[in-house]
C-alpha cells in the first residue's frame, strides 16, 4: 500500500465513527482535510467530485471513493472505502441486536431523537461548504453559491417535487451567473 493510500485509510477510519448522518454529514471535515490541510485536491476538484458522486446512482458514500481515486488511484479507492465503511459496518452489526432488545426503551428513543438535529446540522454544513467551494473568486460568487444551496435545501424540504428540479435550477442559475 502506498503512503498516500495508507494516509487515506487512516483518515477515513477515524472519520467514519464521527459521521453521524452518513457520508454527506462528514463532507465538511473531508474538505478541511483533503483541500485545506493536505492539498490533495483543489476547491473546484472537490466540489466537482462531490457533484459527480451525488449525481451518480448509488449511495452517497461514492464520494469517498472519488477522493481515494483522485489521491492514490485504485489503492486509494479501496483504502478510502475500507477505512470509511469498515468501522461503521462492524459497529452497526454489533449494535443491531442491542437496539432490537431496547426497541421500546425510552432511552433509545431519546438518543435517536437527539441525533436528528445533529445529523441535520452536519448535512447543512455540507451544503454550505460545498457551495462555497464551488464558487470561484469573489465574495459575491461565494454568497451566490451559498444562497443557491440554501434555496435548494428549502425547496427540497418544503416541496413535493423531485430534488432534481432544484439541482437543475441551481445548475442553470450558477451557469448563468458565472458566465
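The values are calculated or read from the model by the stated rules, or taken from the named source; none is laboratory data. Owing to the predicted nature of the structure, the values given are computational and were not obtained by experimental measurement. Counting neighbours? That spans all protein chains shown, and the Cβs are built from the backbone with ideal geometry, glycine included.
Could you tell me whether residue 109 is surrounded by 15 or more Cβ atoms within 10 Å (Cβ to Cβ) and assigned to a helix (DSSP H, G or I)?
It is false that residue 109 is surrounded by 15 or more Cβ atoms within 10 Å (Cβ to Cβ) and assigned to a helix (DSSP H, G or I).
Within the range 98-105, identify whether any single residue is in contact with a helix residue (DSSP H, G or I) (Cβ under 6 Å, 6 or more places away or on another chain), surrounded by fewer than 17 Cβ atoms within 10 Å (Cβ to Cβ) and farther than 25 Å from residue 16 by Cβ, and answer yes or no.
No - not one qualifying residue is present in the range 98-105.
What number of residues within the range 85-106 are in a helix (DSSP H, G or I), over 30 Å from residue 62 (Cβ atoms) and either within 18 Å of the chain's Cα centre (by Cα) or modelled with pLDDT under 85 (or both)? First the steps, then the outcome.
The initial filter retains those residues of the range 85-106 that are in a helix (DSSP H, G or I), namely 85-101, 106.
After this cut, where a residue has to be over 30 Å from residue 62 (Cβ atoms) as well, the list is 101, 106.
From what's left, either within 18 Å of the chain's Cα centre (by Cα) or modelled with pLDDT under 85 (or both): 101.
So the answer is 1.
Restricting to the range 35-68, name every residue that is surrounded by fewer than 17 Cβ atoms within 10 Å (Cβ to Cβ) and closer than 22 Å to residue 1 by Cβ.
37, 38, 39
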